[in-house]
1. Restricting to the stretch 16-30, give me the number of residues that are buried (at least 17 other Cβ atoms within 10 Å of the Cβ) and either within 20 Å of A86 (Cα to Cα) or within 11 Å of the chain's Cα centre (by Cα) (or both).
2. Within the stretch 32-64, count every residue that is open to solvent by 30 Å² or more (accessible area, probe 1.4 Å) and of a type outside the set (K, R).
3. Which of the residues spanning the stretch 77-88 are in contact with a strand residue (DSSP E or B) (Cβ under 9 Å, 6 or more places away or on another chain), at pLDDT 90 or above and in a loop (DSSP other than H, G, I, E, B)?
4. Quick one: would you say D11 is open to solvent by less than 70 Å² (accessible area, probe 1.4 Å) and in contact with a Gly (Cβ under 8 Å, 6 or more places away or on another chain)?
5. Could you check the stretch 20-48 and list, in sequence order, the residues that are touching a residue at least 60 places away in the same chain (Cβ under 8 Å) and in contact with a helix residue (DSSP H, G or I) (Cβ under 8 Å, 6 or more places away or on another chain)?
6. So P93 fits all but one of (1) modelled with pLDDT under 85; (2) part of a helix (DSSP H, G or I); (3) in contact with a strand residue (DSSP E or B) (Cβ under 9 Å, 6 or more places away or on another chain); what number is the exception?
Amino acid sequence: MRRSRILVVEDDEGVREALSLILDIEGYEAIAASNGAEALRLLETIEPPCLILLDLMMPIMDGWTLAAQLEKDARLSSIPIVFLTAFAERATPLSKSHRVIRKPVDTHLLMTIVQQHCRS
């Protein structure tokens, strides 16, 4: 059986690896990108994931810009996004259509949201 794929977009290597490991242990296939531009390139080559975990503040292309780019793409605009940020108040305009989780990430809350969107 194929595992549900989740894209983790996070510039902090330790956080990116920890999230990927948690998802893997829980039965999901985690794929990772270190910024929005890398994530866009990756999304051009793979089947869309069931969920994107997206840091807001990253170099090269931040989470706000990536989210705006995804909205413009018919193939990718329906992918649910969970914003991961230490600055939740900055994500307020985005939270109308997406979830926001404050860092440090509550893994129980994260997995509850993941299970709502993806099957393991």
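1. Residues meeting the conditions: 5.
2. 17
3. I79, P80
4. Judged against the criteria, D11 is not a match.
5. I22, L23, E26, Y28, listed by residue number.
6. (3)
The values are calculated or read from the model by the stated rules, or taken from the named source; none is laboratory data. As the structure is a prediction and not an experimental result, all values here were calculated from the model. Neighbour counts are summed over all protein chains in view; Cβ atoms, including those assigned to glycine, are modelled from backbone coordinates with ideal geometry. Side chains included, ligands, DNA and RNA excluded: accessible areas come from the protein's heavy atoms. Shrake-Rupley method; radii C 1.70, N 1.55, O 1.52, S 1.80 Å.
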